[in-house]
Amino acid sequence: MSADIKDESITVITLSNPPVNALGQTLRRHIIDSLDKAEKDPACQAVLICGSNHIFSAGADIKEFGLPPKAPSLPEVCQRAESFSKPVVALIEGVALGGGLELALAAHYRIAMPASKLGLPEVHLGLIPGGGGTQRMPRLIGISAALDVILSGRHVPASEALSIGLIDRLLDSDKDVLSQGITFAREIIHSGSKVRKTCDETKYQADKPANKAALQQARDSVARSARGLFSPEKIIDAIQATLEKPFAEGMRIERECFIQCLNSPQHKGLTHAFFAEREAAKPPQIHNAQPRDLKQIGIVGGGTMGVGIAISMLDGGFNVVMVERDEQALARGRANIEKVYDMLIAKGRLNGGDKITRMAHLTGATDYSALAQVDLVIEAVFEEIAVKKALFAELDRVCKPGAVLASNTSYLNINQIAAVTSRPGDVIGLHFFSPANIMKLLEIVIGEKTCDEVVATGFALAKRLKKQPVRAGVCDGFIGNRILGVYRTAADYMMEDGASPYQIDQAVRHFGYPMGPYQVSDLAGGDIGWATRKSHAATRDPKRRYVRIADALCERGWFGQKTSHGYYLYNQDKRKGEEDPDVLAIISEERRKAGIKPRTFSEEQILRRYLAAMVNEGANVVQEGIANRPLDVDVVLLSGYGFPRFRGGPMKYADLVGLPKILADINEFAKEEPLFWQPSPLLVSLVEKGADFESLNRSASSAHSPTSKRS
Ligand code: T1G
């Protein structure tokens, strides 16, 4: 804990708890003790609360959630600051988030560096601000603005914070932070400005009709869009109290709502997602290997994936050379990159200058020799092993020693690709998801011979691209596509056994997915899966049940949105398809051919099968070491496959349901379909031990990253 410093008549209290000055119990105690001491110090005429390590505070210590509360609580700390008898100034730099901003709101004045960001992101953790934020923020910036900031959980730039009244002054980025804070505090003293308690503000109450309308509008919006979330409603309840109750009563209501959220499954799921993403982003078992320096990136292939990856690399500030087979293909690739940037400019999300800068870092070539000096090359060519092998033999010939040779393959064997080169240690899989410039997930596929430095380089690249990396081992489909194939099969079995695709999609949407599996198939295009199934037909296990419904639709050219007809009909609205009786007739005919007498499925039965298949295959993927831990499976399904974030991912969901229940379901389903429903040995073993997937996360994380601090 940094010692507080005194500057003549100003006591400076420093928030210091690396890395983000989380307001853990020790720091909360320190703030109160420092305020008590300053209160008794006759020389002290004002208090300046500042951060350290270029950050004010990221809020309450999330690692303390779920543990018995320890005094002093954050509301007590904020109350102590607000009731301080002399002016208290909050000096903000970096971020002031959650409880960090709530402490600043309880101060009497707030000043911030121009680059700082302020926010109450508790909603992203399934919570509401629990340190007075729902009571003080509306008093400072009004009901409507407070609803926007707290329900969105967004980070408000300091300039906007000034304009909405969240801070009193924007500081000078060229001057020392602390000196400016001291100067402001001196001004407060010399101008005779007194204590200014946020809780006493009343001007926000002026326009009651507008406030009531804002609250109702927020409720309507949350009812429509907060799919499955619990805390947004509670945020509105607490903010409403600022209109109808005295401050102390409002604080009681906030506390009550906060505790309800703290006990909600959504909070458990969202907090798990927060930590799991950070754990998964830590490079595994690389024994301090350092990443190679990357400046020049080569991309082979200017199709959909190649264009998306090129944009991602240009956005990351790299020089990019794109190689295509001829000038026309190259021109097409470049034009598609420009089209994305022009669209972002039209939406006001990119300025013209940025586009020019980024495009200036893109060069094209139709000859592999252009790749001779790249630091990393990634290919996004046709998904066929022979094509990939031939290409990697070329890359091995032309690329400089030390260049990383990466494949964007979504399921092919990286070991087989590496084997055709003289440098298998430099070969790695970087599986981007389409559209690659938007999707966060990046499966980093490690071959048997991939060296630690190249693994470290993959994770460092992901960080530079602001992607969510997850380490994956080599198997057909790696982590995500492999699990997708299994739960999609479970859905197909239910469809053939009696559930309609529309019923299955609806059940999956009600669980919290944005779309169901058949809507996704229509969006992606059924022809892609059809081509894969046809290529695997010769080697398919004849004992395994095969559902022909998808093939029957594809044989008619019904590929989905791209042909205005798939599982759904897309007449008027390309995005929202209509149920199609012809599809149902085809399904009935396929059932007849298969000798199946259709039965009904409830929504609950559909979800139990769909999720049990997902969890069981996730356990197999962990068991085989394709995923390091269950949390890595969660991050893949959350970041790349639409799994509802408030449920934390399939493995977290299974822990919350209870693994014995999941296993019991699988054993029940196995009576009908023993070949498909084979309980994962890992799942069986955990149930026998009375353990859960989280216990695996803890043991695995502590094993491979001793600094890991998972709660
Ligand atoms: N508590 C504990 N640890 C935290 C933390 C927090 N609030 N925020 C970050 N960390 C850890 C994180 O796990 C990682 O640890 C390291 O810090 C770096 O984080 C009562 C109840 C601040 C924008 O939701 O948004 O206040 O992996 O990798 O990309 O109303 O962290 O190194 O071991 O994300 O530079 C509300 C959450 C809390 C902010 C920095 N506050 N944090 O991003 O680094 S609830 C939040 C962030 C609350 C009160 C309520 C980001 C960041 P490790 P990082 P970054």
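As I understand it, the dipole of the stretch 294-472 uses +1 on the Cβ of Lys and Arg and -1 on the Cβ of Asp and Glu, about the Cα centre. Which of V381, A360, P401 lies farthest toward its positive end?
A360
What do you get for trypsin sites (Lys or Arg not before Pro) in the stretch 349-401 restricted to DSSP loop and a cutoff of at most 16 other Cβ within 10 Å of the site's Cβ?
Sparse-neighbourhood loop trypsin sites (Lys or Arg not before Pro): R349.
Just to check I understand the Karplus step: with θ = phi - 60° and J = 6.51 cos²θ - 1.76 cosθ + 1.60, what whole-Hz values come out for the stretch 586-591, glycine and proline as x?
5, 4, 4, 5, 5, 5
Hey, what did the stretch 2-245 get for relative contact order, percent, Cα under 8 Å, at least 6 apart?
Answer for the stretch 2-245 is 18 percent.
Using the heavy atoms of the protein chains and a 1.4 angstrom probe, tell me the accessible area per residue for the stretch 2-245 in square angstrom.
40 Å²
Go through 538-551, 20-33 and give me the packing order, highest mean Cβ count within 10 Å leading.
20-33, 538-551
Just order 629-635, 71-77, 516-522 by mean Cβ neighbour count inside 10 Å, highest at the front, would you?
Packing order, densest peptide first, comes out as 629-635, 516-522, 71-77.
Between 0 and 90 degrees, rounded to the nearest ten: what's the tilt of helix 603-623 against the longest Cα principal axis of the chain?
The helix 603-623 is inclined about 90 degrees to the chain.
With θ set to phi - 60° and the Karplus curve 6.51 cos²θ - 1.76 cosθ + 1.60, what are the ³J(HN,Hα) couplings of the stretch 509-526 in order, to the nearest whole Hz, using x for Gly and Pro?
Listing the rounded values in order: 5, 5, 6, x, 6, x, 9, x, x, 7, 5, 4, 4, 5, 6, 6, x, x Hz.
Mind checking the angle between helix 327-346 and the chain's longest principal axis? C-alpha axes, 0 to 90 degrees, to the nearest 10.
On a 0 to 90 degree scale, this one is about 30.
Rounded to the nearest 0.05, what FRET efficiency do K543 and A115 have when you use their Cβ-Cβ distance and R0 = 60 Å?
That gives a FRET efficiency of 0.45.
What residue among S191, A213, A104 has its Cα farthest toward the positive end of the dipole of the stretch 2-245, where the charges are +1 on Lys, Arg and -1 on Asp, Glu, each on the Cβ?
A213
For the stretch 294-472, give the magnitude of the charge dipole about the Cα centre (Cβ charges: +1 Lys/Arg, -1 Asp/Glu; no others), in debye to the nearest 20.
Charge dipole of the stretch 294-472: 560 debye, to the nearest 20.
Calculate one ³J(HN,Hα) per residue across the stretch 104-109 by plugging θ = phi - 60° into the Karplus curve 6.51 cos²θ - 1.76 cosθ + 1.60, and present them in order as whole Hz with x for glycine and proline.
5, 5, 7, 5, 8, 9
Search the structure for amide H atoms under 5 Å from the amide H of V404, placed 1.01 Å from N in the peptide plane, and list their residues when 5 or more places away or on another chain.
L376, V377
Mind checking the per residue accessible area of the stretch 364-407 for me, 1.4 Å probe, whole number of Å²?
That works out to 40 Å² for each residue.
Which value, in debye to the nearest 20, describes the size of the charge dipole of the chain about its Cα centre when Lys and Arg Cβ atoms bear +1, Asp and Glu Cβ atoms bear -1, and nothing else is charged?
Once rounded to the nearest 20, the dipole reads 360 debye.
Quick one: which residues, 5+ away or cross-chain, put their amide H under 5 Å from the amide H of V156? H built at 1.01 Å from N.
L118, G119
Specify the angular offset, from 0 to 90 degrees and rounded to the nearest 10, of the alpha carbon long axis of helix 630-640 from the longest principal axis of the alpha carbons in the chain.
90 degrees
Nearest 5 percent is fine: what portion of the DSSP beta bridges confined to the stretch 2-245 is antiparallel?
Looking only at bridges with both residues in the stretch 2-245, the antiparallel portion is about 25 percent.
Ranked highest first by average number of other Cβ atoms within 10 Å, how do 609-618, 282-291, 260-269 line up?
Highest-to-lowest ranking by the protection proxy: 609-618, 260-269, 282-291.
Calculated from DSSP H runs of 4 or more alone, at -39500 (n - 2.57) each and per residue, what is the 222 nm mean residue ellipticity of the chain, nearest 500?
Rounded to the nearest 500, it is -15500 deg cm²/dmol.
Tally up the carbon and sulfur contribution to the accessible surface of the chain as a whole percent, 1.4 Å probe, everything protein left in place.
55 percent
Can you give the charge dipole size of the stretch 2-245 about its Cα centre, rounded to the nearest 20 debye, using +1 on the beta carbon of Lys and Arg and -1 on the beta carbon of Asp and Glu?
500 debye
For a quick check: with amide H placed at 1.01 Å from N, whose amide H comes under 5 Å from V95's, ignoring anything fewer than 5 positions away on the same chain?
When sequence neighbours closer than 5 places are left aside, the close amide H contacts are F56, S57, K117.
Among bridges DSSP assigns within the chain, what percent are antiparallel (round to 5)?
Bridges in the chain that DSSP calls antiparallel: roughly 25 percent.
So with the 1.4 Å probe, I'd like the accessible area per residue for the stretch 500-599, rounded to whole Å².
55 Å²
What percent do you get for the relative contact order of the chain when only Cα pairs under 8 Å and 6+ apart count?
9 percent
The values are calculated or read from the model by the stated rules, or taken from the named source; none is laboratory data. Since this is a predicted model, take the numbers as computed values, not measurements. So basically every Cβ, Gly included, is an ideal-geometry build from the backbone, and we count neighbours across all protein chains shown. For accessibility, only protein heavy atoms count, side chains too; no ligands or nucleic acids. Shrake-Rupley method; radii C 1.70, N 1.55, O 1.52, S 1.80 Å.
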